[in-house]
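The structure appears right after this line, and notes come after that.
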Amino acid sequence: MSSTIPPLAGKLSGLQSSAIRDLLKLTARAEVISLAGGLPDAALMPRDRIAAAAADALSGPGCLQYTESPGWAPLREVLAARESARLGRAVGVDEVFVTHGSQQALSLLAEVLLDPGALVVVENPAYVGALQVFRAASARIVALPLDSEGLRVDLLAELLASGERPALVHTVSNFHNPGGVTMSAERRRALAELADAHGFWVIEDDPYGELYFDAPAPAPVAAYSRNVIRLSSASKIIAPTLRVGWMTAPPSVFRGVELLKQGADLCGSALTQQIAADLLADAAWLSGHIESVRTAYGARAKALVHALRDRFGDRLTCTDATGGMFVWADFTDGTDAQELLPRALDAGVAYVPGSAFAVDGGYRHSMRLCFSTSDAATLTEAVDRLAGAGQSAQL
Ligand code: PMP
């Protein structure tokens, strides 16, 4: 007897696999220098320090057990102290919620804050991980562009003046993925004022803030308004495998997230949370470690930007790469980055075309280049290959 396959939830019909994940399968060839991935450099991750912390945690009583849904209490204490320093006010332990990476915070927050059809404002180009979450929540998404000072908050003000009422605004305020830019202090203040005046939530998604190369980023948007939920993560400063992210959120949001986290996974891993607490509490070691990551990434970023400007001249503009892991580049000579990609792969270099981050199409002449996992000489070679592919494209 033939069986009838039961249907899946209707909200799945509009969802697609991330174009970037599909692309990474193509770029995995050994001869290709990949600037496409968005990964931190595993060689810079503190393997021995993690091993020592793991051994320590395993010799204690609690690390094999379930832990509390909002996270292992001593980790939350360490995080509350860090967030207090960051926000310039006393952040209580009861405001800090540990999640399975900040990606889980996005997913839980979408459930807590959004009804189907709710308006969500995102940045364009967008962090695709957030876009996927908001699309899965059946949100109505409006994308506002970035410029060199981050989100165009003036356009958000216009949207509000036209009568639109967003439930939330998502911003990657520091060293944007994929846009490479950092929101200016004035825009942070303006965004916080709008959130207070109109009563919407801001999710300030900040996994890259500590990876600055020249000067620290301005104070977080969350320093100016309690309507801002700040997300951060151990993934880029220690290691993604810990799956330790955290949010600083007001009590109503905290309670909602707690209820949903129980349903999602009961709690995070007591073992990796103890490892994270050990490393994050070791201030002298941590600052030295983060400084070494900054120095390595900063040298790579400079090499990439220098090579791009040197080889392409005024045929291309790119961000300055003042922190984080990404450079965003725009061809000014009409080159279509998506059409160029097969030739670039043949020449032995990969990147993500800008269109993969576009919310409603566009960015065809743009690309995201990740500098975190290649050394300066390799990045220079990658740009040479890209320039070669670009030239053959013009023949
Ligand atoms: N937000 C942004 C902007 C990111 O780039 C990433 C990682 N690519 C995340 C959130 C999620 O990171 P994690 O879950 O590892 O903390």
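The values are calculated or read from the model by the stated rules, or taken from the named source; none is laboratory data. Computed from a predicted structure; not experimentally measured. Cβ placement follows ideal geometry from the backbone for every residue including glycine, while neighbour counts extend to all protein chains displayed. Quick note on the areas: whole protein, heavy atoms, side chains included, nothing else; ligands and nucleic acids left out. Shrake-Rupley method; radii C 1.70, N 1.55, O 1.52, S 1.80 Å.
The label-point distance for D56 and D154, in a model that sets each label 7 Å from Cα toward Cβ, rounds to 5.1 nm. Only one residue of F357, S138, L341 has its Cα farthest out toward the positive end of the dipole of the chain, where Lys and Arg carry +1 and Asp and Glu -1 on Cβ, and that residue is S138.
Each residue, S13 and R140, gets one label point 7 Å from its Cα in the Cβ direction; the gap between the two is 1.9 nm.
Apply 1/(1 + (r/R0)^6) to the Cβ-Cβ distance of D330 and S162, taking R0 = 35 Å, and write down the FRET efficiency to the nearest 0.05. After rounding, the FRET efficiency stands at 0.75. Using R0 = 51 Å, the C-beta based FRET efficiency linking S252 and R309 works out to 0.60. The charge dipole of the stretch 24-76, taken about its Cα centre with unit charges on the Cβ of Lys, Arg, Asp and Glu (plus for the first two, minus for the last two), comes to roughly 140 debye. Working from label points 7 Å from Cα in the Cα-to-Cβ sense, the E77 to S287 distance is 2.2 nm. Heavy-atom accessible surface of the chain, averaged per residue, reaches 43 Å², computed with a 1.4 Å probe.
Per-residue extension of 0.36 nm, minus the Cα-Cα distance of A85 and E68, leaves a gain of 3.6 nm for this segment. Distances longer than 38 Å among the Cα atoms of the chain: what percent of all pairs is that? Counting pairs separated by more than 38 Å, the tail of P(r) holds 20 percent. Restriction of the GluC sites (Glu not before Pro) in the stretch 1-102 to DSSP coil positions whose beta-carbon has at most 16 other beta-carbons within 10 angstrom yields E31, E68. Taking S162, S235, S2 and ordering them by how much accessible surface each has at a 1.4 Å probe, largest first, produces S2, S162, S235. Label reach from L266 (point 7 Å along Cα→C-beta): in the stretch 54-70, amide nitrogens under 13 Å belong to 64-69. Gyration tensor analysis over the Cα atoms of the stretch 48-281 returns equivalent ellipsoid semi-axes of 30, 19, 15 Å (largest first, whole Å).
Which percent, to the nearest 5, of DSSP beta bridges fully inside the stretch 48-281 are antiparallel? The answer is about 40 percent antiparallel. Per the Cα gyration tensor, the stretch 100-224 maps to an equivalent ellipsoid with semi-axes of 21, 18, 13 Å, ordered largest to smallest. Applying a DSSP loop filter and a limit of 16 other Cβ atoms within 10 Å to the trypsin sites (Lys or Arg not before Pro) in the stretch 1-95 leaves R29, R89.
Of all the options L266, L191, L15, the one that moves most in a Gaussian network model of the chain with Cα springs shorter than 10 angstrom is L15. In a reduced charge model with +1 at each Lys and Arg Cβ and -1 at each Asp and Glu Cβ, the chain shows a dipole moment near 420 debye about its Cα centre.
For the chain, the number of Lys pairs with C-alpha atoms closer than 29 Å, counting only pairs eight or more positions apart or on separate chains, is 6.
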